[in-house]
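Each remark here refers to the structure printed beneath this line.
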Amino acid sequence: MTTSDPLRRILDRYLESSEAHVSTEDAFAKLPAALRGRRPAGIEHSPWEILEHLRITQHDILEFCRNPKYKELDWPKDYWPAEHAPPTAGAGDASLKRYGEDLAELRAMASDEGNDLFARIPHGETQTYLRELLLVLDHTSYHVGQLVLIRQLLGAWPPK
């Protein structure tokens, strides 16, 4: 990134890495396939559900920011996968790849000096681009913490 804007540099750095916690990619690293759909006792979600929820929510926020014809999803049904386990062997890796692609677009949006981060999103109500980027960061941080705890309970943390 080549911006001289300190806020944009901070946003890019936080979106790109984890700073004070494990990154999303590292949180899912080396997770055995047999554990991806497993819910520890007393825990509502599996690692797969957390990953898909992160991907779906992040994509929804990106769509809201860039699409004037954005249609709101139905909460909570549309924000969580229907099943607690991945439907195919490659679904987890595909979901993580799509998550990364959308994250790259959010980083580009944050870095674009032609994009006023404080401007209200034209088709929104009071939302700004900065608010949406901070929402992604906050939401991701929360669920990555959940995932690390789930992996600990499954005996799969730290990644080996």
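Tabulated values for the structure
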| item | result |
| --- | --- |
| Cα-projected label distance for L135 with D26, points at 7 Å along beta-carbon direction, nm | 2.8 |
| Region 1-99 shape via C-alpha gyration tensor axes, a/c threshold 1.5 | oblate |
| In order through region 98-111: 3J(HN,Hα) via Karplus (6.51 cos²θ - 1.76 cosθ + 1.60), integer Hz, x for Gly, Pro | 5, 4, x, 5, 5, 4, 4, 5, 5, 4, 5, 4, 5, 7 |
| Between 0 and 90°, nearest 10: helix 129-153 axis offset from the chain longest Cα axis | 10 |
| Lysines with Cα under 16 Å of K30, excluding same-chain neighbours fewer than 8 positions away | K97, K160 |
| With Cα atoms, 0 to 90° folded angle of helix 47-66 axis to the chain main axis | 10 |
| Candidates L133, L15, L149, ranked by Gaussian network fluctuation over the chain, Cα under 10 Å, top entry | L149 |
| Q152/L7 FRET efficiency (R0 35 Å; Cβ-Cβ; nearest 0.05) | 0.50 |
| Calculated FRET value between E44 and E101, using beta carbons and R₀ = 22 Å, to 0.05 | 0.20 |
| Contact order normalised by residue count of the chain, Cα under 8 Å, 6+ apart, percent | 33 |
| D74-E113 FRET efficiency (beta carbon distance; Förster radius 35 Å; 0.05 resolution) | 0.45 |
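Quick note: the coordinates plus some simple rules give every number you see, no bench work behind them. Given the structure is predicted, the values throughout are model-derived calculations rather than measurements. Note that each Cβ is placed from the backbone with ideal geometry, even for glycine, and that neighbours are counted across all protein chains shown.
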